[in-house]
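First up is the structure itself, then whatever we jot down about it.
Readers should treat all values here as calculations from the given coordinates under stated rules, not as data from a laboratory. This is a predicted model, so every value here is computed, not measured. All Cβ positions, even for glycine, are placed from backbone atoms using ideal geometry, and neighbour counts span all protein chains on display.
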Amino acid sequence: MKEQIDLSGDVALVTGAAGGIGSAVAEELAKEGATTVVTDVSVEEGTAVAADLDESYDATVVFRQLDVSDYDACETVIGEVVEEFGSIDVLVNVAAGGLRDHGSLKPFYETTPDDWQIQFDVTFRGPVNTTHAAIQHMMEQESGAIVNFISEAHKGQERGDDKLYASSKGGVAVFTKALSREIGEFGIRINGISPAATHTPATTELIEKHGDRMLKNYALNRLGQPEDSAYMAVFLASDAADWVTGQVISVNGGYS
């Protein structure tokens with residue numbers, strides 16, 4: 001099993017990797033030997049994450065600034081990664097954004113079209129942009145693994161969820177399942193990870209206010225840590241998951 005998890009020789013790109021789940025994913029990929037490209041819109045934080053991981057593990061880790069809502073930028077960065085390192089074997093889409101990041105979980109009737117655009121551009125179009133750019137190279141390689149981070153919010157079970165965020169994540173879930181049937185013939189796998197509430201900088205305020213109430217919904221009586229999802233991402237990126245595609249896997253501590 002250990003040999004199947006080994007990612008030595010693979011090149012992985014992680015979006016939204018300047019902190020939270022994204023940086024945890026980048027760290028676990030680097031631990032397993034993958035050349036890891038940390039990407040984010042935040043240059044200072046992303047550069048610091050990449051430098052720390054590059055120093056800590058026996059793997060090359062670099063930072064590239066990337067706004068996933070910009071298709072041309074996605075195409076350029078991924079092309080440069082392939083040119084520099086020879087391939088792109090793993091793509092992990094963690095980047096998301098919109099109202100949640102700004103602490104304004106407004107009711108839908110108080111939102112504006114500008115709010116919708118912010119959410120859809122990053123949370124939905126982001127992984128679509130990077131996936132489209134990456135599979136051009138993966139098809140030539142006849143191999144590749146894509147992992148899209150979704151959210152248990154996409155199931156629409158919580159009254160307080162940001163409806164635009166939940167809808168965007170729902171779109172990514174359907175996109176993941178539908179695309180798997182198209183790209184499987186090229187040896188490319190695509191799966192989703194759907195975490196429940198996880199301790200990250202983006203959720204700190206929410207958990208501080210509602211954490212005790214939220215715990216009642218979790219069979220394991222704790223909320224998630226970034227590493228919980230990162231371990232699943234490494235599994236799905238590795239040869240150990242060679243016969244797994246088109247799945248959205250909940251990492252949720254028994255959330256109900």
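Check cross-link reach from K155 to the lysines: straight Cα distance under 26 Å, and skip same-chain residues fewer than eight apart.
K106, K163, K169, K177, K209, K216
What does DSSP give for region 116-256 in terms of the percent of beta bridges that are antiparallel, rounded to the nearest 5? Display every interim value, and only then the final one.
Values: 1 of 12 bridges.
About 10 percent, rounded to the nearest 5.
Enumerate the amide H contacts of V248 below 5 Å, restricted to partners 5 or more residues apart or on another chain; note that Pro and chain-start residues carry no placed amide H.
G192
Can you give me the long-range amide H partners of T36? Hydrogens built in the peptide plane at 1.01 Å from N, cutoff under 5 Å, separation of 5 or more residues or another chain.
Amide H to amide H, under 5 Å and 5 or more residues apart or across chains, T36 pairs with A12, T60, V61, V62.
In square nanometres, what is the average projected area of the Cα convex hull of the chain? Numbers along the way, then the final one.
On the way: hull surface 52.6 nm².
Projected over every direction and averaged, the Cα hull of the chain covers 13.2 nm².
May I ask you to compute the full-extension gain from L215 to K177, defined as 0.36 nm times their residue separation minus their alpha-carbon distance, rounded to one decimal in nm? Could you put the intermediate results ahead of the total?
Values: separation 38, 0.36 × 38 = 13.68 nm, distance 3.00 nm.
Extra length from L215 to K177 when fully extended: 10.7 nm.
Might you report the magnitude of the Cβ-based charge dipole of region 57-202 about its Cα centre, with Lys and Arg at +1 and Asp and Glu at -1, to the nearest 20 debye?
Here the size comes out at about 740 debye.
Among 216-222, 136-142, what's the highest-first ranking by average C-beta atoms within 10 angstrom per residue? Write out the running numbers ahead of the final one.
Numbers: 216-222: 11.9, 136-142: 15.6.
The packing order, highest mean first, is 136-142, 216-222.
Quickly rank 202-209, 243-250 as a protection proxy: mean count of other C-beta atoms within 10 Å, highest first. Walk me through the intermediate numbers first.
Details: 202-209: 13.4, 243-250: 15.6.
Put in order of decreasing packing, that is 243-250, 202-209.
Considering only I188, I135, I118, give the residue with the highest GNM mean-square fluctuation for the chain, with springs between Cα atoms whenever their separation is below 10 Å.
Among I188, I135, I118, the largest GNM mean-square fluctuation belongs to I118.
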